[in-house]
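Any read-out appearing in this document is the output of simple, stated calculations on the displayed coordinates, not a laboratory observation. In this text the structure is predicted, and so the values were computed from the model without any measurement. Positions of Cβ are backbone-derived with ideal geometry, glycine not excepted, and every protein chain shown enters the neighbour counts.
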């Protein structure tokens with residue numbers, strides 16, 4: 001069971017002004033949308049949500065916009081594409097559990113007033129907020145940078161004159177989510193005492209799967225700090241059948257992939273790592289690289305391209 005659950009809510013804009021001015025811009029927005037969904041869904045312990053009614057209004061406006069502007073958004077039907085993406089990533093609709101007898105408003109810092117036009121999923125988000133465990137978090141994926149006047153969003157719930165405020169952060173693109181996860185997920189710790197991947201350490205073991213010497217940490221004992229430095233930004237895929245809690249990154253210093261194995265449930269949230277190269281020869285371990293989940297490869301490539 002994850003030590004931390006991250007609840008991510010997808011918010012679609014209902015006003016498309018300034019979002020889809022050209023085919024090139026729309027393609028960039030769609031790519032960002034896809035990569036944000038994958039990054040959020042890959043995070044171990046994450047759960048993604050959306051409001052069906054919010055999504056339906058968005059696509060009604062998209063279709064009208066396309067008819068009037070004669071601009072086709074993307075290279076394929078956007079609604080079909082996003083519906084497929086939601087099914088593939090098992091994103092949950094909250095509409096059936098979204099009723100409330102309370103009044104919910106959002107503070108508008110620009111007009112210094114309270115707005116009662118709020119996203120449809122807010123009642124569900126508030127109910128969930130009241131049951132969160134200490135380490136759990138909520139984040140809104142406001143991918144079109146629309147609607148909210150401040151970050152975090154101040155949500156005000158009034159239940160029979162009992163007023164409660166909730167401050168919920170949001171992100172608008174891949175980099176913002178990437179940074180937010182690095183700064184808010186449970187801190188990862190690198191195991192400096194494990195020498196099984198240190199060549200000539202006296203404890204350098206053999207891989208049970210291949211029978212060969214274990215993949216090394218490049219640089220040996222002195223390379224551990226470098227390996228540790230890439231752990232914070234490493235990415236896993238919770239839908240991986242074999243290693244859902246392991247994470248991977250590309251070591252730009254050694255120019256090789258580095259794999260971090262999660263050391264089971266432990267209070268230190270500890271990992272040990274090694275480069276995907278063969279021991280002693282340092283030839284690239286293509287078989288090991290082939291085991292990296294495809295979504296992780298795509299995320300690392302997109303991150304590098306958009307830094």
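Observations, loosely collected:
- Whole-angstrom gap from segment 157-187 to segment 100-118, using each part's C-alpha centre: 16 Å
- Cα long-axis angle, helix 294-305 against the chain (0 to 90 degrees, to the nearest 10): 80 degrees
- The angle separating the long axis of helix 174-184 from the principal Cα axis of greatest extent in the chain is about 70 degrees.
- Helix 52-69 vs. the chain, principal-axis angle (Cα, 0 to 90°, nearest 10): 80 degrees
- One chain, two ends: residue 163 and residue 182. Fully extended at 0.36 nm per residue, the span grows by 3.6 nm beyond their Cα-Cα distance.
- Amide N of segment 154-188 lying under 16 Å from the label point, which is placed 7 angstrom from the Cα of residue 263 along Cα→Cβ: 187-188
- Rounded if a/c under 1.5, otherwise prolate or oblate - segment 189-305, Cα gyration tensor axes: rounded
- Whole-number D in µm²/s for segment 6-184 (Stokes-Einstein; Kirkwood sum over Cα pairs; 25 °C, 0.890 mPa s): 143 µm²/s
- Share antiparallel - DSSP beta bridges, the chain, percent rounded to 5: 65 percent
- Per-residue Cβ neighbour rank within 10 angstrom, fewest leading, 136, 265, 56: 265, 56, 136
- Label-point gap, in nm, between residue 27 and residue 189 - each point 7 angstrom along Cα→Cβ: 4.8 nm
- Within segment 6-184, percent of DSSP bridges classed antiparallel, to nearest 5: 50 percent
- Cα Rg, Dmax (largest Cα-Cα span) when computed across the chain, Å: 22.3, 71
- Measuring r between the beta carbons of residue 209 and residue 80 and using R0 = 30 Å, the FRET efficiency lands at 0.15.
- Relative contact order, percent, segment 189-305 [alpha-carbon distance under 8 Å, six or more residues apart]: 25 percent
- Compared with the direct C-alpha span, the chain from residue 146 to residue 232 gains 28.0 nm at full extension, assuming 0.36 nm per residue.
- Two-site FRET efficiency, residue 103 against residue 53, from Cβ-Cβ distance with R₀ of 22 Å, rounded to 0.05: 0.70
- Residue order, fewest to most beta carbons within 10 Å, for 127, 28: 28, 127
- Exposure proxy order (Cβ contacts within 10 Å, fewest to most) of 256, 134: 134, 256
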